[in-house]
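One structure below.
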Protein chains: 2
Amino acid sequence: MHSPELLKGTLQTIVLKVLKDHGKMYGYEITQRVKELSEGRILLTEGALYPTLHKLEAEGLLKTEVVNIGKRIRKYYTLTAEGRSIAKDRVYEFIDFIKTMSSVLQVNVG
Amino acid sequence: MHSPELLKGTLQTIVLKVLKDHGKMYGYEITQRVKELSEGRILLTEGALYPTLHKLEAEGLLKTEVVNIGKRIRKYYTLTAEGRSIAKDRVYEFIDFIKTMSSVLQVNVG
DNA sequence: CGTCTATACATAAGACAATTATGTATTAAG
DNA sequence: CTTAATACATAATTGTCTTATGTATAGACG
């Protein structure tokens, strides 16, 4: 785990991109996938994830589908067309940010 | 300019590394150097910079020297030994963060 | 001269995202 | 029968940053 401060501002980008790559997912599944992909280094907290999902839904970037698994509920999220577009933009923006930071810090990442 | 959100958590790293690379600098000079290095993409605001400098000084990572330029004052900052050490750590931490993010977002930066 | 921009410091109010804490509830393991 | 994992959600608090404000010198331009 690195400084959690660095993660700030990346949550929406992560959620959008993971959903873009893995299709229909539910909240808990997203936390697990991110944990896997980051080899345990990024642990999304529920207090951050759920409000973010609700916000992205309110903005029309995600659509939901509630499914009953036995007596438990699951809320599946899928990107809308706009969501896919924004996901791409956010990833580009992140890459651009890294390039700028590399210039400022004079380091070579990748 | 990218989303200012991404910049969160990077300010201390930027200040420490720029000071490490360029030696003795004063606040305003740091903003200009970062602007240059980032080709105008990162504009440090005074409201963020000065409190950060004061904080790093209070933590013993920076030491200061006040100089009079005509009737105007300048406060030069230099890294302490601990500051140099932490600067290195912070840059490593940032690189590590980028590597993790690259795995999660499945992108290739650099 | 007078005004605008750049230089140079600093602090305070407010916004915003994320952490931490808390709450509800089902399912599986020991 | 209690703990851990699954699965949702919201509220209080924290912390960093932006925006606003304040003081003051120096140089450029008319």
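Only the coordinates and a few stated rules stand behind these numbers; no lab work does. What you are looking at is a predicted structure, and each value in this text was computed from that prediction instead of being measured. Here Cβ is always computed from backbone atoms with ideal geometry, including for glycine, and neighbour counts include all displayed protein chains.
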Using the structure shown, select from B:LYS24/B:LYS88; B:LYS24/B:LYS99; A:LYS35/B:LYS99; A:LYS63/B:LYS8; A:LYS35/B:LYS17; A:LYS99/B:LYS20 the pairs with a Cα to Cα distance greater than 24 angstrom. B:LYS24/B:LYS99; A:LYS63/B:LYS8; A:LYS35/B:LYS17
Using the alpha-carbon centroid of each, what span in Å lies between the stretch A:87-109 and the stretch B:25-103? 19 Å
Taking the reciprocal of mean 1/r across every pair of different Cα atoms in chain A, the Kirkwood radius in Å is 15.0 Å
From the phi of every residue in the stretch A:38-50, what ³J(HN,Hα) in whole Hz does the Karplus formula 6.51 cos²θ - 1.76 cosθ + 1.60 yield, where θ is phi - 60° and glycine or proline is x? 9, 6, x, 8, 10, 10, 5, 8, 5, x, 9, 5, 5
Select from B:THR13, B:THR52, B:THR100 the residue whose mean-square fluctuation is largest in a Gaussian network model of chain B (Cα-Cα springs shorter than 10 Å). B:THR100
Putting +1 on Lys and Arg Cβ atoms and -1 on Asp and Glu Cβ atoms, find which of A:PRO51, A:ASN108, A:GLY70 reaches farthest to the positive end of the dipole of chain A. A:GLY70
The protein assembly as shown: spread of alpha-carbon positions along the three principal axes, whole Å, largest first, is 75, 29, 29
Taking each residue of B:7-14 in turn, how many C-beta atoms of other protein chains fall within 10 Å of its C-beta, and what is the average? 5
Separation of the A:GLN106 and A:ILE69 label points, Cα + 7 Å toward Cβ, nm: 5.1 nm
Only Lys, Arg, Asp and Glu count, each charged at its Cβ (+1, +1, -1, -1), so figure out the dipole size of chain A about its Cα centre, rounded to 20 debye. 340 debye
Chain A to chain B by rotation: the residue of A with the beta carbon nearest the axis and the rounded distance in Å are A:GLY110, 1
Tilt of helix A:27-37 relative to the longest C-alpha principal axis of chain A, in degrees (0 to 90, nearest 10)? 40 degrees
Förster-model FRET efficiency, 22 Å R0, B:LYS88 and B:ALA58, C-beta, rounded to 0.05: 0.60
Over the whole of B:91-99, what's the average partner chain Cβ count within 10 Å per residue? Rounded to a whole number, please. 6
Contact order normalised by length for chain B, with contacts defined as Cα pairs under 8 Å and 6 or more residues apart; what percent is it? 28 percent
